[in-house]
Amino acid sequence: MRAELLGFKIDTYDFESAVEYAKNISGQVVTINPEMMSNPDMKEIVNSAELVIPDGIGVEIGLRISGHNVKRIPGIQFAHRMLQECKSAALIGAKLEVNTLACENLKKEFEDLNIVYAQDGYFKDDERVLEELKQSNPRLVLCALGSPKQELFIIEAKKLLPEALFIGVGGSFDVWSGQVERAPEIWQKLGLEWLYRTIKEPQRFKRIFPTLPLFMLRVLRERFIPKGV
Ligand code: UDP
């Protein structure tokens, strides 16, 4: 089940169906947001992924405008659930202490979870990390290197581990480590997590502006103005 928005193919599963689907596949999961969709180089990467879930409220609104009744699936929640579903995982990314704390907290939370490989996200020797990851042979690999670095790393890694599921998870380890708080539930429910994060970290403003309004204008143009006009 795939929709297309601004040339990006996006799966339209609800949360539970996406989890069921992901349990039975291997390959790359992209948690897509308007920022990624504003980078033309991302199109090929996203369209070659095995599963693309609409992470942000911007993508949900965009899909609704183009006629798809889709609810967003927060990438962090999806990855957290997949950790519960998979027996072995690798966590690659974030600062060393963040990575270590996130692993500790997740092990406490999921007793059955076996974290077979952990690596911070500031390595230079990709070859070593790829080789160590291959040797550890996890079912689930979470990559928190920011975009598009994590997506490019996953493209290389999935060639070495054809049976693993890879998810690019952005800032999720920062939250799981306890170093960054997610927005309170009411902000999440209203789809205003981005606003909360921007108020807490004003330096993020330049990342969403003008990206978000431009994204919305492009979506409206695609929907209401016929091609060629
Ligand atoms: N990061 C990393 N290596 C890098 C750049 C970033 O491990 O070279 C980590 C960073 O520490 C953070 C995550 O990647 O934990 C990206 O966080 P960000 O808030 O930028 O994610 P997004 O907003 O893209 O979800």
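The rows are residues; the columns are (1) touching a Cys at 6+ places or on another chain (Cβ under 7 Å); (2) surrounded by 14 or more Cβ atoms within 10 Å (Cβ to Cβ); (3) closer than 23 Å to G58 by Cα; (4) among the acidic types (D, E).
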position	(1), (2), (3), (4)
V116	no, yes, no, no
G121	no, yes, no, no
K158	no, yes, no, no
P162	no, no, no, no
G170	no, yes, yes, no
G178	no, no, no, no
A183	no, yes, yes, no
R197	no, yes, yes, no
F209	no, no, yes, no
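A residue that is within 12 Å of the ligand (Cβ to nearest atom) and either touching a Lys or Arg at 6+ places or on another chain (Cβ under 8 Å) or touching a residue at least 40 places away in the same chain (Cβ under 8 Å) (or both) occurs nowhere in region 104-113. In region 1-26, what residues are within 20 Å of I76 (Cβ to Cβ) and assigned to a strand (DSSP E or B)? The answer is I10, D11.
Of all the residues in region 48-75, those that are surrounded by fewer than 20 Cβ atoms within 10 Å (Cβ to Cβ), within 16 Å of the ligand (Cβ to nearest atom) and closer than 22 Å to L133 by Cβ number 0. Restricting to region 148-195, and then to whatever is touching a Pro at 6+ places or on another chain (Cβ under 8 Å) and at pLDDT 95 or above, can you tell me which residue is nearest to V129 (Cα to Cα)? That would be L161. When the helices (runs of 4 or more DSSP H) confined to region 48-132 are screened for residues that are of a type in the set (S, T, Y), those reaching at least 1 such residues are found at 96-109. Only residues that are without any contact (Cβ under 8 Å) to a residue 40 or more places away in the chain and away from the ligand (no atom under 15 Å from the Cβ) were counted in region 132-155, giving 3.
Selection over region 89-102 of residues that are surrounded by fewer than 20 Cβ atoms within 10 Å (Cβ to Cβ) and not charged (D, E, K, R) gives a count of 3.
The values are calculated or read from the model by the stated rules, or taken from the named source; none is laboratory data. Keep in mind that this is a model prediction, so the values were computed, not measured. In this analysis, Cβ positions are derived from the backbone assuming ideal geometry, glycine residues included, and neighbour counts consider all displayed protein chains.
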